[in-house]
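Below is one structure; the comments refer to it alone.
Please treat every number below as a calculation from the coordinates, not as lab data. Here the structure is a predicted model, which is why all the values come from computation and not from measurement. Note that we place each Cβ from the backbone using ideal geometry, even for glycine, and neighbour counts take in every protein chain shown.
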Amino acid sequence: MREITPDYVMLGGHSYGGRQVTLLAAEAPTVADALLLLSYPLHPPRKPEQLRTQHFPQLRTPALFIHGTRDPFGSIEEMTAALTAIPARNHMVAIEKAGHELGAAAAAVILREAECFANA
């Protein structure tokens with residue numbers, strides 16, 4: 001990405017794509033200026049003991065998490081607790097009554113929050 005544009009780069013992904021983005025950023029912190037993570041799969045449904053956060057302490061890239069309050073891959077409380085392991089600036093936005101798919105109604109919120117996070 002840095003070879004394509006010198007401008008601000010926000011790298012993102014939904015679910016497993018977001019997990020891959022965080023793994024990349026943990027290894028290469030300068031790959032992007034910020035991360036946009038939609039429905040991060042904190043753990044498999046009904047398996048909260050299988051956290052997918054081992055790399056969180058290595059994240060140095062600011063990260064914005066957008067997460068549904070009904071997401072079976074992690075509750076808002078579980079996400080809040082997990083994000084404390086990230087040393088970089090991070091923020092989570094909860095989408096009320098949304099599941100893992102978030103839904104089309106979340107699009108405006110995602111755009112607004114991403115812009116606010118980028119300009120903070």
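Details
- By the Stokes-Einstein formula, at 1.002 mPa s and 20 °C, the stretch 10-118 with its Kirkwood radius over alpha-carbon pairs has D equal to 158 µm²/s.
- With R₀ set to 30 Å, the beta-carbon distance separating residue 4 from residue 108 gives a calculated FRET efficiency near 0.65.
- Gain on full stretching of the segment that runs from residue 77 to residue 49 - 0.36 nm per residue minus C-alpha separation: 8.6 nm
- Alpha-carbon centroids, the stretch 15-47 and the stretch 80-120: separation in whole Å: 12 Å
- Panel order for 86, 66, by other beta carbons found within 10 Å of each beta carbon, from fewest to most: 86, 66.
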